[in-house]
1. Once a ≥ b ≥ c are taken as the square roots of the eigenvalues of the Cα gyration tensor of the stretch 1-72, is the result rounded (a/c under 1.5), prolate (a/b larger than b/c) or oblate (a/b not larger than b/c)?
2. Please report the net charge: other residues with Cβ closer than 10 Å to the Cβ of residue 67, K and R +1, D and E -1.
3. Only four residue types carry charge here, +1 at the Cβ of Lys and Arg and -1 at the Cβ of Asp and Glu. Report the dipole size of the chain about the Cα centre in Debye, rounded to the nearest 20.
4. Once every DSSP H run of n ≥ 4 in the chain is given -39500 (n - 2.57) and the sum is divided by its residues, what mean residue ellipticity at 222 nm do you get, rounded to the nearest 500 deg cm²/dmol?
5. Tell me the angle of helix 73-88 to the major Cα principal axis of the chain, expressed in degrees between 0 and 90 and rounded to the nearest ten.
6. Under the definition of Cα pairs under 8 Å and six or more residues apart, what whole-number percent is the relative contact order of the chain?
7. Using θ = phi - 60° and the Karplus form 6.51 cos²θ - 1.76 cosθ + 1.60, what ³J(HN,Hα) does each residue of the stretch 36-47 get, whole Hz, x for Gly and Pro?
8. Suppose R0 equals 41 Å. What FRET efficiency, 1/(1 + (r/R0)^6) with r the Cβ-Cβ distance, do residue 85 and residue 17 give to the nearest 0.05?
Amino acid sequence: MIRQVVDKSRYNIPVSDDPRLHELTWYATEDDAVLGVVILDLVDLGYSWIALTQSDQPPGYTAANMGSSLPTEDDATTALHDAMRSIRGT
């Protein structure tokens, strides 16, 4: 099961300070082993996503898969959830 994350501060997630990218929504698997974020690129107004997996090394999570240039937030969310399920093996 994938749920929306309201407070990402409990995770040790690398943070981008790129002002062209706006994080829209964070998601996590039930066991928090895989996290994901949907991002709006403010330059080309396309949507991207990044799936992160737990890492034994700091910062705690690392990028495992990503996609970009999707036309809608729904497309990005669907692709992200598919990737998260694939990574988790469910």
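1. Cα axes put the stretch 1-72 in the prolate bin.
2. Here the charged neighbours net out to -2.
3. Taking the Cα centre of the chain as origin, the dipole is about 200 debye.
4. Value at 222 nm, helices only: -6000 deg cm²/dmol.
5. That works out to roughly 20 degrees.
6. Normalised by residue count, the contact order of the chain is 24 percent.
7. x, 9, 9, 10, 9, 7, 6, 7, 9, 6, x, 10
8. 0.85
Each value in this text was obtained by applying a stated rule to the coordinates, not by laboratory testing. Just so we're clear, the structure is a prediction, and the values are computed from it rather than from any experiment. Please note: Cβ atoms are built from the backbone with ideal geometry, for glycine as well, and neighbour counts cover all protein chains shown.
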